[in-house]
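Working notes, beginning with the structure itself.
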Amino acid sequence: MTIQRELAVPVPGEARRAIESMVTGHVQDRGQVVLDAPDHAVTVAFRPGISLVVMGPRTRAVYHAAEPGPPWLKLRLNPEAAHGLLGAAGAELVDQAVPLAAVTGDRVARRLIADGPLSLVAGLTAATSTDRTVLVRRATALLATGLRVAEVSRRLQIGERQLRSVFAATLGISPKQFARISRVRTVIDGAERRPLAQIAIDAGYYDQAHLTTEFKALMGVPPAAFTQGKMPTATACQTPN
């Protein structure tokens, strides 16, 4: 199975206040598969003339058999920007992809279609941090280093239950889910270039067996099969209506 690679796109300077990263992709031939990997971020996906979709955080990988057509652009929003665009609805979109208009209303969606997805940046860069988003940023930075949830709670001087509540309200996922997603994304980024045993250490797994078990749970296949192109059966890519 051939995975269609998405290419990183530089985020314009001012947009970095709202957008964590951007990628673009283009399916030219039938049979190519698009991977939406597990991700903690809310993503706006724009395909000119076809769709403008908001994708909530994903706790498991999705493999799409995409139809050939125009290229797409995906914008991964930071917590402040996601809240500025979607309000509390962003945390309710876990493992879902819906038309942006269904969440923001037709006026915002029409403006983005007319002006392009980067037009949303002007409004979102003004989005202000809240106590919750600041706490989430600090916690996610620590979790991404491989620290356990209990240690993160201790360092931030907040109870684990309260931390879970803040994550649920802001990201829609728990701190443990964030840590699992972060670790798996580290494996995806390095699996073709580095030994799994070394990645396991760097990503914060207990050992390689822990890596393999968790990777399979989130990606549908073990890491060795993934690097060999042996993926789960892809589903038809259906644009939400």
Review point. Using a 1.4 Å probe on the protein chains only, how many percent of the accessible area of the range 1-151 belongs to carbon and sulfur?
Key: 54 percent
Revision key, fill the gap. For the chain, the charge dipole (Cβ of Lys, Arg +1; Cβ of Asp, Glu -1; about the Cα centre) points to a positive end, and the Cα of A209, L52, V94 closest to that extreme belongs to A209
Exercise for review: Bin width 5 Å, alpha-carbon pairs only: give the P(r) of the range 126-241 as whole percents, running from 0 to the bin holding the largest distance.
Suggested key: 2, 11, 19, 17, 14, 14, 12, 8, 3, 0
Practice item. Using only alpha carbon pairs under 8 Å that are at least six residues apart, calculate the relative contact order of the range 170-241 and give it in whole percent. Key: 21 percent
Review point. Once label points are set 7 Å from the Cα along Cα→Cβ at both A224 and E67, what is their separation, rounded to one decimal in nm?
Key: 3.9 nm
Study note, to complete from the structure: One finds, for A88 and V9 with R0 = 30 angstrom and r their Cβ-Cβ distance, a FRET efficiency to the nearest 0.05 of 0.55
Study note, to complete from the structure: For the chain, the Kirkwood Rh over every pair of distinct alpha carbons, in Å, works out to 18.7 Å
Review point. If you put +1 on each Lys and Arg Cβ and -1 on each Asp and Glu Cβ, how big is the dipole of the range 1-143 around its Cα centre, in Debye rounded to 20?
Key: 160 debye
Point to revise | Over the range 8-64, equivalent-ellipsoid semi-axes from the Cα gyration tensor in Å | key: 21, 16, 11
**Study point:** Separation of the D131 and A150 label points, Cα + 7 Å toward Cβ, nm
**Key:** 2.7 nm
**Study point:** Relative contact order (percent, whole number), the range 1-93, Cα cutoff 8 Å, 6+ residue spacing
**Key:** 33 percent
Check your understanding: So what is the relative contact order for the chain, in percent, with contacts set as C-alpha pairs under 8 Å and at least six apart?
Key -> 22 percent
Exercise for review: Could you state how much accessible area H26 has, in square angstrom rounded to the nearest 10, with a 1.4 Å probe and all protein chains kept in place?
Suggested key: 70 Å²
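Quick one: accessible area per residue over the range 140-214, 1.4 Å probe, rounded to a whole number of Å²?
I get 53 Å² per residue for the range 140-214.
The values are calculated or read from the model by the stated rules, or taken from the named source; none is laboratory data. Quick caveat, the model's predicted, so the values are computed rather than measured. Positions of Cβ are backbone-derived with ideal geometry, glycine not excepted, and every protein chain shown enters the neighbour counts. Ligands, DNA and RNA are excluded from the accessible area calculation, which covers all protein heavy atoms including side chains. Shrake-Rupley method; radii C 1.70, N 1.55, O 1.52, S 1.80 Å.
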